[in-house]
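Asks: Sharing a structure here in structure tokens format.
The values are calculated or read from the model by the stated rules, or taken from the named source; none is laboratory data. Computed from a predicted structure; not experimentally measured. Just so you know, the surface numbers come from the protein's heavy atoms only, side chains and all, with ligands and any DNA or RNA stripped out. Shrake-Rupley method; radii C 1.70, N 1.55, O 1.52, S 1.80 Å.
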Amino acid sequence: MAPTVLTKSRYTAGVQANIHGINEQALPSLVAWAERIQRRTEDEHGRVTVWLRDFRLDETDLDKAVNDIIAFYGAEQPVWRIVHNGSEIWRRPNNQGMNTDGH
């Protein structure tokens, strides 16, 4: 039996068909994320870093990606920082009296 080939359009349709209960504004971002590598990690203090690798993004697209990532994770899973292609591009403002070790 020949292997099943998952094309971009079939993948996108599958993602859209299997997503329930997600903010509809975030849905287009999820489809775009299928074209890039994104990883979420958490350190020992519970601070979340989102690692994004996508060499096609220009400054405007990068600003939109930051906003999309923050919106996707929302207040329930706040992002501490975002790293793009190995360089930190966004860090949560320190407005709650927390120091850099999360306390």
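Asks: Quick one: which residues, 5 or more positions from Leu57 or on another chain, have an amide H under 5 Å from its amide H? H modelled 1.01 Å from N in the peptide plane, none for Pro or chain starts.
Replies: Sorted by chain and number, the residues that satisfy this come to none at all.
Asks: Leaving ligands, DNA and RNA out of it, work out the accessible area of Glu59 with a 1.4 Å probe and give it in Å² to the nearest 10.
Replies: Rounded to the nearest 10, that gives 130 Å².
Asks: Now a separate question. Quick one: which residues, 5+ away or cross-chain, put their amide H under 5 Å from the amide H of Trp90? H built at 1.01 Å from N.
Replies: Amide H neighbours of Trp90: Ile82.
Asks: From the protein chains alone at 1.4 Å, what is the descending order of accessible area for Arg53, Arg81, largest first? Walk me through the numbers before you get to the answer.
Replies: Values: Arg53 130, Arg81 60 Å².
Solvent-accessible surface, decreasing: Arg53, Arg81.
Asks: Given a 1.4 Å probe and heavy atoms of the protein chains only, how would you sort Trp90, Trp80, Trp51, largest accessible area at the top? Please report the intermediate quantities before stating the final value.
Replies: On the way: Trp90 60, Trp80 35, Trp51 100 Å².
Putting Trp90, Trp80, Trp51 in descending order of accessible area: Trp51, Trp90, Trp80.
Asks: Per-residue HN-Hα couplings for the stretch 55-72, Karplus 6.51 cos²θ - 1.76 cosθ + 1.60 at θ = phi - 60°, whole Hz, x for Gly and Pro?
Replies: Those phi angles translate into 7, 8, 6, 9, 4, 5, 5, 5, 4, 5, 4, 4, 4, 5, 5, 4, 5, 4 Hz.
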